[in-house]
Amino acid sequence: LPPRRDMHPDLAVALGAAVQAAALAGERTGRVLVDVTPYSFGPAHADIDQDGELVLDAYTPVIERGTPLPVTRASSYYTMADDQEVWHVRILQGDSPRARDNILVGHFHAAGFAKARAGNEIVCKMHLDLNGILAVEIVEKATGLAKKVTIAGATAAYDDQQLAAARQRTAALW
């Protein structure tokens with residue numbers, strides 16, 4: 001069954017605890033508990049919108065919220081300039097299509113890519129484990145050159161004040 005998003009989170013936790021307690025007591029529940037990611041994750045990137053305009057703060061999740069854990073997903077991106085040897089990778093948490101409206105959880109420079117024409121394919125592979133550790137790998141498809149980063153606590157929850165501050169820091173990047 002697909003994850004339900006219409007249920008209050010506290011009720012979901014209570015039901016999950018009841019199912020787990022029954023299973024530990026030896027009862028057959030007919031249910032299986034599955035951990036899912038509470039947030040979507042992906043890189044900020046440039047894109048072309050429907051009107052053919054360049055959007056410098058685009059965001060498309062690689063791992064969608066509600067995906068069972070552990071999970072590994074990948075998505076392809078393409079360089080937009082000739083001889084682009086460096087890609088500043090910003091990993092975001094959130095669901096807004098605008099990068100600046102999401103939360104920056106990590107970043108790194110991926111350098112040394114081949115001097116190639118625009119359209120050089122770069123694959124962003126992400127693995128999120130049960131402990132909230134997000135491993136990100138950027139691979140240039142033509143040469144196999146790879147750069148990696150590990151982000152601990154990627155699924156950490158923020159209170160309202162921390163969330164507002166994190167969004168301000170992310171928006172300041174653009």
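Do we have any residue at all in the range 2-12 that's touching a Lys or Arg at 6+ places or on another chain (Cβ under 8 Å), open to solvent by less than 70 Å² (accessible area, probe 1.4 Å) and more than 27 Å from R169 (Cβ to Cβ)?
So far as the range 2-12 goes, yes, one or more of its residues are touching a Lys or Arg at 6+ places or on another chain (Cβ under 8 Å), open to solvent by less than 70 Å² (accessible area, probe 1.4 Å) and more than 27 Å from R169 (Cβ to Cβ).
Determine if the range 108-119 includes at least one residue that is of a type outside the set (A, V, I, L, M, F, W, C) and either under 10 Å from the mean Cα position of the chain (by Cα) or crowded, with 16+ Cβ neighbours inside 10 Å (or both).
Among the residues of the range 108-119, not one is of a type outside the set (A, V, I, L, M, F, W, C) and either under 10 Å from the mean Cα position of the chain (by Cα) or crowded, with 16+ Cβ neighbours inside 10 Å (or both), which makes the answer no.
With (1) closer than 29 Å to Y39 by Cβ; (2) modelled with pLDDT of 90 or more as the list, and A110 as the residue in question, which single condition is left unmet?
Single failed check for A110: (2).
What number goes with the only condition from (1) in contact with a Lys or Arg (Cβ under 7 Å, 6 or more places away or on another chain); (2) buried (at least 16 other Cβ atoms within 10 Å of the Cβ) that D95 does not pass?
Among (1) in contact with a Lys or Arg (Cβ under 7 Å, 6 or more places away or on another chain); (2) buried (at least 16 other Cβ atoms within 10 Å of the Cβ), D95 violates only (2).
Hey, can you tell me all the residues within the range 121-174 that are in a loop (DSSP other than H, G, I, E, B), touching a Phe, Trp or Tyr at 6+ places or on another chain (Cβ under 8 Å), farther than 15 Å from G42 by Cα and open to solvent by less than 80 Å² (accessible area, probe 1.4 Å)?
L145
Test I91 against the stated conditions and say whether it is more than 18 Å from S40 (Cβ to Cβ), part of a strand (DSSP E or B) and touching a residue at least 24 places away in the same chain (Cβ under 8 Å).
no
The values are calculated or read from the model by the stated rules, or taken from the named source; none is laboratory data. Keep in mind it's a predicted model, so treat the numbers as computed, not measured. All Cβ positions, even for glycine, are placed from backbone atoms using ideal geometry, and neighbour counts span all protein chains on display. For accessibility, only protein heavy atoms count, side chains too; no ligands or nucleic acids. Shrake-Rupley method; radii C 1.70, N 1.55, O 1.52, S 1.80 Å.
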